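Below you'll find the structure, written out as C-alpha cells, and then a few comments.
The values are calculated or read from the model by the stated rules, or taken from the named source; none is laboratory data. Bear in mind the structure is a predicted one, so any value in this text is a computation, not a measurement. Counting neighbours? That spans all protein chains shown, and the Cβs are built from the backbone with ideal geometry, glycine included. Heads up: the accessible areas ignore ligands, DNA and RNA and are worked out on the full protein's heavy atoms, side chains in. Shrake-Rupley method; radii C 1.70, N 1.55, O 1.52, S 1.80 Å.
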Amino acid sequence: MNAYGGEAYLDIRTLFEKRGLDLTRFDNLLMEKKAVGMPWEDAITNGVNAAKALVDALTPEEQARIELVIASTESGVDFGKAISTYIHDHLGLHRRCRVFEVKQACYGGTAALQMALGFVASGVSPGAKALVIATDEARNGSRNTYHEPSQGTGAVALLVGSEPKVLSMDLGANGYYSYEVMDTCRPQVGIEAGDPDVSLLAYLDCLQNSFKGYAERVEGADFRTSFDYLAFHTPFAGMVKGAHRKMMRAFGGPGMGAAQIEEDFQRRIVPATRYCTQVGNIYSATVFLALCGLIDNANAQDFHRVGLFSYGSGCSSEFYSGTFDRNSQRVQARFDIGGHLARRHSLSMDEYERILDRSMEIGFGTKDAEVQVGDLSNLYARQFEGRKRLRLVRVKGFHREYAWT
C-alpha cells in the first residue's frame, strides 16, 4: 500500500479560530491537520501519485501481470469515462488490462478491493495482480461549516496478489449491511449535503450490524478478543472513538467500564488514527489510510489480526479482517508515508483561502482551460517542482492533459 496525502495542509485549530467555530467542539474531533488539494491536483493526480511507487517497485514482467485496475471515487471528472483510464495510462501499464471505476461514497474503496480479491483468489489467471486506487478530494463546497475541518484530499493505492507481503486477507470472513438512507450526498459539483446526525446514527447502526454479520460467518468471532487491532473508516477520529465505545458496551462483555474502554481504544485503535488525524477524511480511501497508519505504527510482532470496518453513506458497509506481522512493517517502510506527511507545506489561512477561491477553476464539465500556477508559484516550487508528481496542465476538448513535475 502507499498513500498520498497532498503536499500542503492546514492546521485544524487555526481553521476553527479563523472561522469562528465553537472551540468546545474542537477537542471532540481529535483532528490535527487537513490535507488541501492544489488547483493543479484532482482525483486522477492523487491516485497516480499514490500508485506510482508501487508500480515502480515492480519488474517489467510483474507490471505486465497487473490485469485489473479499479479506481473508486466520488470525485469523478466525467459521467462516462472512468478516471482509471487516465491512471492506467500515466502509470504506463500494459494494455491487456481491465480498467473501470466504482462509486459508493466512502465504501467504494472496499467494494473495489473485494472485486480485486475475488479476481485474484479465483485463479482464473494464475499470477495476475490487481491495482486498487481509492482517491478523492474535497473542494470548497463546505466552506464555513463544521464539515470543513474534517474534509481532506488524497489517495491510497493497493497492489493485490496471491502472495501478500503486507496484509493477508481472511477470505470469506465478511459481514455486510446496507440500506437506503439520505445521510450525506453530492447532489451538485463541489457541494456536499446531508444530515450529520443521521449519518452518525447510520454509521453506528452499520458497524453493529455488519459485525454481527461477520460473527455469524466466523465461528467464535469476538469483538474484544478476536482482533489485536481495529481500523475503521475515520471521517474524524472522534467519531471512531464514540463508535468504539458503543461497540465495547454492546459486545465487550459484562462490567465494561470507562477505564477499560479507554485502554482498549488507546491500544487497539489509536495506531490506526495516526495518519487520518493528519490528512482528514479522504472518503473511499480513508479506511485504507487507517490501515496504513496502523501497520506503520503498531507494536508489530509475529502475528496480528486486524478488524476493518468500511462505511459509505447512502448506505453500504462491511466488516472484514486480515493478518499482518513485523515483516509487513518492513515492506511498508520503503514508502515512508509518515515522512511524506511530515514534509508537506503548512498553509497560512491566507494561502488556504486563495486555494479555495481557485479550487473550482477546472471543475467537472470544463471543456477548455489552462491550469495556471499563478500566485501559488512559491508553494509549487517548494513542494512540486522536480519531485515527479503528476499535475494537471490543461483541459482541451474535455480531455485532461497531465505532465510530471
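Whenever a residue of region 342-366 is more than 14 Å from residue 137 (Cβ to Cβ) and assigned to a loop (DSSP other than H, G, I, E, B), its partners that are open to solvent by less than 30 Å² (accessible area, probe 1.4 Å) and among the acidic types (Asp, Glu), lying with C-beta atoms within less than 9 angstrom and at least six residues away or across chains, give the pairs 343/7; 344/7. Considering 405, 366, the condition of being among the hydroxyl-bearing types (Ser, Thr, Tyr), open to solvent by less than 70 Å² (accessible area, probe 1.4 Å) and modelled with pLDDT under 95 is satisfied by 366 alone.
Within region 369-392, the residues that satisfy the criterion of being in contact with a helix residue (DSSP H, G or I) (Cβ under 8 Å, 6 or more places away or on another chain), under 24 Å from residue 190 (Cα atoms) and loosely packed, with under 15 Cβ neighbours inside 10 Å are 374, 375.
In region 191-207, the qualifying residues are those that are crowded, with 17+ Cβ neighbours inside 10 Å and either among the polar types (S, T, N, Q) or modelled with pLDDT under 95 (or both), and the one that is farthest from residue 249 (Cα to Cα) is 192. No other residue among 225, 234 is under 22 Å from residue 153 (Cβ atoms) and either of a type in the set (Val, Ile, Thr) or assigned to a loop (DSSP other than H, G, I, E, B) (or both) apart from 234.
Could you list, in sequence order, all residues of region 237-251 that are open to solvent by 10 Å² or more (accessible area, probe 1.4 Å) and within 24 Å of residue 324 (Cβ to Cβ)?
Answer for region 237-251, where residues must be open to solvent by 10 Å² or more (accessible area, probe 1.4 Å) and within 24 Å of residue 324 (Cβ to Cβ): 241, 251.
From the residues in region 22-39 that are touching a Phe, Trp or Tyr at 6+ places or on another chain (Cβ under 8 Å) and crowded, with 18+ Cβ neighbours inside 10 Å, which one is farthest from residue 324 (Cα to Cα)? Ranking the qualifying residues of region 22-39, first place goes to 38. Reported count of residues in region 211-236, each being buried (at least 23 other Cβ atoms within 10 Å of the Cβ) and among the small types (Gly, Ala, Ser), is 1.
Inspect all residues belonging to region 84-103 and state whether any of them is farther than 24 Å from residue 186 by Cα and under 16 Å from the mean Cα position of the chain (by Cα). No, region 84-103 contains no residue that is farther than 24 Å from residue 186 by Cα and under 16 Å from the mean Cα position of the chain (by Cα). Just a yes or no: is a residue in region 253-271 in contact with a helix residue (DSSP H, G or I) (Cβ under 7 Å, 6 or more places away or on another chain), open to solvent by 30 Å² or more (accessible area, probe 1.4 Å) and polar (S, T, N, Q)? No, region 253-271 contains no residue that is in contact with a helix residue (DSSP H, G or I) (Cβ under 7 Å, 6 or more places away or on another chain), open to solvent by 30 Å² or more (accessible area, probe 1.4 Å) and polar (S, T, N, Q).
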